[in-house]
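Coordinate-derived values only; no laboratory data. Here the structure is a predicted model, which means the values were calculated and not measured. When we count neighbours, we look across all protein chains shown, and the Cβ atoms used for this are built from the backbone with ideal geometry, even at glycine.
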Amino acid sequence: MMNLKKMLDKILREVQGWKKWEAIWLLLANGLILGVSVSMGDNVLGVLASLTGVTCVILCGMGKLSNYFFGTVNVILYAIVAWNAKYYGDVMLNLLYYFPTNFIGFFLWRKHIDQEKNEVYKKRMTLKQDIILAVISVVGVLGYSWLLKLLGGNLPIVDSMSTVFSVIAQILMMKRFMEQWVIWIIVDIVSVIMWIAAFFTGGESVAVLMMWSVYLANAVIMFVKWRRESAEYKVKEESGL
């Protein structure tokens, strides 16, 4: 009984301070995916992977620690869906990288929670850090695409962009940097293109395609939110508040 009460208290605390548009966006995104998927007779696995994934990225954008719970469930389900679609790079990325970094991110975020808003503190990079990030990104994409080409991979540049930018964006997410959303936008555009191709050539899950489309819309929305809030936190930090 005591454990149930603690669990309910945590859930109530997690939903405190939500803005009306955030709750509407979460319900709308999940409702849209569920409605279209059911109407098209999509498979249960793809629907569950999509719903947990969409919930994860929206909660992440809201700065909620609970995003890591949904993210952990999502990477397992999505890895299975990607395996069935023969996107083996996505399988490895999810199981070997996203899965362990979800736990790392949880503990890093837990140390930097704004107790008043129950959201993570948001940061932005300096100009020097932006330049370093750009150089690392370009070198990483070109280097990995060269390796994929040697291995005989299809669309090595596209595949490389998806993988390298995903790794970088996840690191920025764990470090609470606003710039993660710029990288996620690029990743989401590439992934939408990949799953459109998979859907029309192999009849893969429409829910997963919708998931990536929602990811893209969410990344744009949360970029605006984090850009504004990271500036506010910076002012508070400099003023000693």
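Just a few scattered comments:
- Among the trypsin sites (Lys or Arg not before Pro) in segment 88-124, those located in a DSSP loop and surrounded by at most 15 other Cβ atoms within 10 Å of their own Cβ are LYS111, LYS117.
- Mean projected area of the Cα convex hull of segment 162-209, taken over all directions, amounts to 3.5 nm².
- Translational diffusion coefficient of segment 2-239 (Stokes-Einstein, Kirkwood radius from Cα pairs, 25 °C, 0.890 mPa s): 131 µm²/s.
- Pairs beyond 23 Å (Cα-Cα), from LYS117/LYS225; LYS20/LYS64; LYS111/LYS234; LYS20/LYS175; LYS117/LYS175: LYS20/LYS175
- Spin-label model distance (nm) - VAL38 vs LYS149, 7 Å beyond Cα toward Cβ: 4.9 nm
- Sequence-ordered 3J(HN,Hα) estimates for segment 157-172 from the Karplus curve with 6.51, -1.76 and 1.60 and θ = phi - 60° stand at 5, 5, 4, 5, 4, 4, 6, 5, 5, 5, 4, 5, 4, 5, 5, 5 Hz, glycine and proline given as x.
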